[in-house]
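Encoded as structure tokens, the structure appears first; notes follow it.
Nothing in this text is a laboratory measurement; each read-out follows from the coordinates by a stated rule. Predicted model only: the values in this text are computed from it and were never measured. As a convention, Cβ positions derive from the backbone with ideal geometry for all residues, glycine included, and neighbour counts pool all protein chains shown.
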Amino acid sequence: MRTFSIYQNPIEGKVYVDLIDQASSVSLKVLNKKGKIVRKKNKLAIRNTISFASLPEGIYTVRVENESKVMTKKFLKL
């Protein structure tokens with residue numbers, strides 16, 4: 001896993017998370033501003049869609065990790 005991208009930022013209903021290369025051991029966690037996990041997904045594909053329709057407005061952190069690397073990016077939900 002080299003990097004990932006998030007698009008549609010700011011978002012309203014869903015966000016797209018794309019990995020540069022696929023790895024079966026990659027997982028994704030979305031944390032709210034208090035650090036609570038609000039979404040979680042294991043075994044990511046190259047392209048992933050995460051729904052945020054039921055979550056309140058605010059700043060969220062996407063954490064993508066495998067056994068050797070952790071990467072984070074922030075986005076705004078309107």
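Near ASN42, once Lys and Arg are set to +1 and Asp and Glu to -1 for all other residues with Cβ below 12 Å from its Cβ, the sum equals +4. Taking Lys and Arg as +1 and Asp and Glu as -1, the other residues whose beta-carbon sits under 14 Å from that of PRO56 total +3.
Counting Lys and Arg as +1 and Asp and Glu as -1 over every other residue whose Cβ lies under 13 Å from the Cβ of LYS33, the net charge comes to +3.
Cα-based values for the chain, radius of gyration first and Dmax second, are 11.7, 33 Å. Normalising the average separation of contacting C-alpha pairs (under 8 angstrom, six or more residues apart) by the number of residues puts the relative contact order of the chain at 34 percent.
Loop-resident trypsin sites (Lys or Arg not before Pro) (DSSP state other than H, G, I, E or B) in segment 1-52 with no more than 14 further Cβ atoms inside 10 Å of their Cβ: ARG2, LYS33, LYS34, LYS36, LYS43. Think of each Lys and Arg Cβ as +1 and each Asp and Glu Cβ as -1; about the Cα centre, that makes the dipole of the chain roughly 260 debye.
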